[in-house]
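Here the structure comes first, spelled out in structure tokens, and everything after it is commentary.
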Amino acid sequence: MKIAVLPGDGIGIEIVAEAVKVLNALDLSFEMESALVGGAAYEAHGHPLPDATLNLAKASDAILFGAVGDWKYDKLDRPLRPEQAILGLRKHLGLFANFRPAICYEQLVGASSLKPELISGLDILIIRELTGDIYFGQPRGRRVATDGHFPGAEEAFDTMRYSRPEIERIARVAFEAARKRNKKVTSVDKANVLETFQFWKDVVTDVHKEYPDVALEHMYVDNAAMQLVKAPKAFDVVVTGNMFGDILSDEASMLTGSIGMLPSASLNSSGQGLYEPSHGSAPDIAGKGIANPLATILSAAMMLRFSLNQEAAAQRIEAAVQKVLAQGLRTPDIHSEGTTKVGTAEMGDAVVKALK
Ligand SMILES: NC(=O)C1=CN([C@@H]2O[C@H](COP(=O)(O)OP(=O)(O)OC[C@H]3O[C@@H](n4cnc5c(N)ncnc54)[C@H](O)[C@@H]3O)[C@@H](O)[C@H]2O)C=CC1
Ligand SMILES: CC(C)CC(=O)C(=O)O
Ligand SMILES: [Mg+2]
């Protein structure tokens, strides 16, 4: 079993180091090979996703990814910007199904900005389509407007699009996942305004006929954003497009206490996966040793479960995370009165120690 380790930029480097520490402590036999990605790869090789990194990712059973990006690259031509590395990996590896579980551990009920009764026992799964939508649609660019409100003015445009097979396959992933949970799927769209999302809604409704045992509800994305903070436990599986899923999963992360707690798995149709926290490179706290590594450590657990067939090891990691939280250890993002503030490396060490 081979794992490509791509730490990336900012806190990506700090949090991936802790996940690797935990993986090494499991005494399983897998090979790990690291490569540069994002801004770090741009600095060294002039490209955020060099061929060597992409080839390593393709040749691996799984990829452990940190995060890419830094404000200092915001003026680069888009193809050279660090974020193109993660978009490129998703596209080249066909990682269309992004699982973002928002689970509120009992020990962190007080860390959320929501009332305890709203989030205690929360366990929802956001399934985000990851290789289509306005993030990948062509054409896109800048031009001089020939029509619209200001003909002759400079304008920018992107293309939102989804094909039937793209929607069908992510809908099936969602219905299958719901079958193993509470048998409810909420499909989030903007069908009242966007043709792409009326189509999304129609196709999800068609696929639902194959899953009569699973309840399907449709919800507009603006309402979904509101319901997520009003009554989050009413959701089970949420399936949505790339952009809405990006936004809603960051919102959902606060139900778990912090974005530093939200892991993710991005899978293709052959079971190969990329595992990364749902957050970014956090330049505001990078290099300070205070980033929460738990989302990345929990992503490593998802990797063991989904790509490496190591369910027992995945459960060991998840139990160890719960144990350190029960011990009262907290990075600053989840710290509250009466708990012990620790740094990134101390948190990783504590998880290693807590592995049974
Ligand atoms: N998959 C990826 O590589 C992603 C990369 N990005 C990139 O990351 C850079 C920063 O973007 P932002 O919008 O600031 O989003 P971000 O997710 O990096 O940070 C948002 C806020 O959450 C905090 N935060 C994030 N992760 C944390 C952790 N593990 N522990 C404690 N606090 C944490 C940050 O300090 C910041 O205040 C940008 O260049 C962006 O494009 C953003 C999202 C995903
Ligand atoms: C940097 C973006 C491409 C990705 C993002 O925000 C995400 O995947 O959550
Ligand atoms: Mg995001």
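The values are calculated or read from the model by the stated rules, or taken from the named source; none is laboratory data. These figures come from a predicted structure and were not determined experimentally. Note that each Cβ is placed from the backbone with ideal geometry, even for glycine, and that neighbours are counted across all protein chains shown. Protein only, heavy atoms only, side chains kept; ligands, DNA and RNA dropped before computing areas. Shrake-Rupley method; radii C 1.70, N 1.55, O 1.52, S 1.80 Å.
With a cut-off of at least 3 residues that are at pLDDT 95 or above and within 30 Å of residue 170 (Cα to Cα), name the helices (runs of 4 or more DSSP H) lying wholly within region 1-115.
It comes to 11-24, 51-58, 83-93.
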Requested in this report: Sort out which residues of region 245-262 are within 12 Å of ligand 2 (Cβ to nearest atom) and either open to solvent by less than 10 Å² (accessible area, probe 1.4 Å) or of a type in the set (A, V, I, L, M, F, W, C) (or both), and write them in order of number.
Outcome: 245, 247, 248, 249, 252, 253, 259, 262
Query raised in the report: Restricting attention to region 125-145, which residues are open to solvent by 10 Å² or more (accessible area, probe 1.4 Å) and either of a type in the set (Phe, Trp, Tyr) or under 24 Å from the mean Cα position of the chain (by Cα) (or both)?
Result: 125, 131, 134, 135, 136, 138
Requested in this report: Restrict the check to region 21-29 and report whether at least one residue is among the small types (Gly, Ala, Ser) and in contact with a strand residue (DSSP E or B) (Cβ under 9 Å, 6 or more places away or on another chain).
Outcome: no
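Of all residues in region 322-344, which are among the hydrophobic types (A, V, I, L, M, F, W, C) and without any contact (Cβ under 8 Å) to a residue 60 or more places away in the chain?
324, 329, 342
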Query raised in the report: What number of residues within region 178-204 are farther than 26 Å from residue 123 by Cβ and open to solvent by 10 Å² or more (accessible area, probe 1.4 Å)?
Result: 10
Requested in this report: Consider only pairs whose beta carbons are under 7 Å apart and that are at least six residues apart or on different chains; among these, list those whose first residue lies in region 280-307 and is within 19 Å of residue 349 (Cβ to Cβ) and in the same structural domain as residue 267 (by TED's automatic domain parsing) and whose second residue is assigned to a loop (DSSP other than H, G, I, E, B) and more than 8 Å from ligand 1 (Cβ to nearest atom).
Outcome: 289/343; 290/343; 295/262; 295/263; 298/263; 299/263; 299/264
